[in-house]
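Asks: Quick one: this structure, given as structure tokens, is what I'll be asking you about.
The values are calculated or read from the model by the stated rules, or taken from the named source; none is laboratory data. This one's a predicted model, so the numbers in the text were calculated from it and none came from an experiment. We place every Cβ from the backbone using ideal geometry, glycine too, and count neighbours over all the protein chains shown.
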Amino acid sequence: MASFTPKVNKVTKTGLRDRLKLAAAFLKEKRFDEALRETNAVLQAEPNSAQALSLLGSIHLKCRRYDEALAACHKALTIDPLSVSACLGVGMAYLRKKDFKQAMAAFENAVKLDPKQPKVYISLGLAMFGQERFDDAIQYFYRALRFSPQTELPYILIARACRKQGRTADAITALEDLIKIRPESFIAHATLASIYLDKKNYEAAEQILNRALEIKGDKPAPAILLSLAELYIETDRLAPAADLLRSLPSAKKILPQKHKLWGDLYSKQNLVREAAEEYRTASLLAAEDDKGDDIEMESLVEAGSTSWEELATTYRAMVGESLLKARKTRN
């Protein structure tokens, strides 16, 4: 009887490249487990692939595993010292850890490797932004635009830095410049609307929010709907505000703001007890690191130590601080 030799399917270089492309696509779609699986499969076949290691670092960054991201990107750099993506990965991991000195060193190394790459200047600008060196940050963002004038992100970051400095007019100018070259930019309209909301220019804010919804089309836009609900509350259109809030999903990312707006709405209706409860919930959701005791509000009021009006004021202040802190962290 003739012996049978099983056929072994060799993993080709082309096959590995295809898997890396697939992993990158999964990462872009935020399908992190699948991206990790494909990247690890490539590394199992080719453990010294600097490209795969850089991608692994990017996955860990997105999942907030900063030490793992550093390990992967540092290993990529030992294999390919000229890898700009690995340098940026190292810098971003240090930036997230608020180690600005190490982040700057990594980003400056990336500039030396590719001085015409807009991403390196955006990254340097973010490092300056994190240190509240807003003028320096703006200069780096403008430098990024020099090499890629159509890119949205530098304009948005310039606007944010100007807002941090109280330069609202300059922030508006940056966003209007972006809208001129990218009329369908959803993020430009959303950011501009938030500025007009802060300035209490409700007519302009409503016009821009509706334009943002047009741009989104059938796609969900919970952040815009939240802003519209806020605008309706501020302009005493409480019924449509309530309808909008009820229509919004209970997604973790928007829950603190959603409960805060319910609190604002109830305050407008003089329902101070309900407002206090909503502000308290928003405060607890926004302050994720708050490990304090969950005090029962009913017993607190019954003991005569405070009133629902005082509680509403207290919790509204707490949620305001927590949401502001969360926004600073994201920025």
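Asks: Filter the helices (runs of 4 or more DSSP H) completely within segment 94-177 down to those with at least 2 residues that are of a type in the set (Val, Ile, Thr).
Replies: Passing ranges, in order: 118-130, 152-164.
Asks: Let me ask something else. Please work out which one of (1) closer than 27 Å to Leu82 by Cα; (2) surrounded by 15 or more Cβ atoms within 10 Å (Cβ to Cβ) is the condition Pro149 fails and give its number.
Replies: With respect to (1) closer than 27 Å to Leu82 by Cα; (2) surrounded by 15 or more Cβ atoms within 10 Å (Cβ to Cβ), Pro149 is out only on (2).
Asks: Can you name every residue in segment 45-80 that is assigned to a loop (DSSP other than H, G, I, E, B) and closer than 14 Å to Arg96 by Cβ?
Replies: Result: Cys63, Arg64, Arg65.
Yes or no, residue by residue, for (1) without any contact (Cβ under 8 Å) to a residue 24 or more places away in the chain; (2) surrounded by 15 or more Cβ atoms within 10 Å (Cβ to Cβ):
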{"position": "Leu153", "(1), (2)": "no, yes"}
{"position": "Gly166", "(1), (2)": "yes, no"}
{"position": "Leu175", "(1), (2)": "yes, yes"}
{"position": "Ile181", "(1), (2)": "no, no"}
{"position": "Ser185", "(1), (2)": "no, yes"}
{"position": "Leu197", "(1), (2)": "no, yes"}
{"position": "Asn210", "(1), (2)": "yes, no"}
{"position": "Asp218", "(1), (2)": "yes, no"}
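Asks: Do we find that Ala282 is crowded, with 21+ Cβ neighbours inside 10 Å, at pLDDT 95 or above and under 25 Å from Ala193 (Cβ atoms) in this structure?
Replies: no
Asks: Restricting to segment 125-142, name every residue that is buried (at least 18 other Cβ atoms within 10 Å of the Cβ) and under 16 Å from Cys162 (Cβ atoms).
Replies: Once the filter is applied, which keeps residues that are buried (at least 18 other Cβ atoms within 10 Å of the Cβ) and under 16 Å from Cys162 (Cβ atoms), segment 125-142 yields Gly125, Leu126, Met128, Phe129, Phe134, Ala137, Ile138, Tyr140, Phe141.
Asks: Moving on to the next point. Look through segment 115-124, keep the residues that are surrounded by 15 or more Cβ atoms within 10 Å (Cβ to Cβ) and of a type outside the set (Gly, Ala, Ser), and return whichever of them is nearest to the chain's Cα centre (by Cα).
Replies: Ile122
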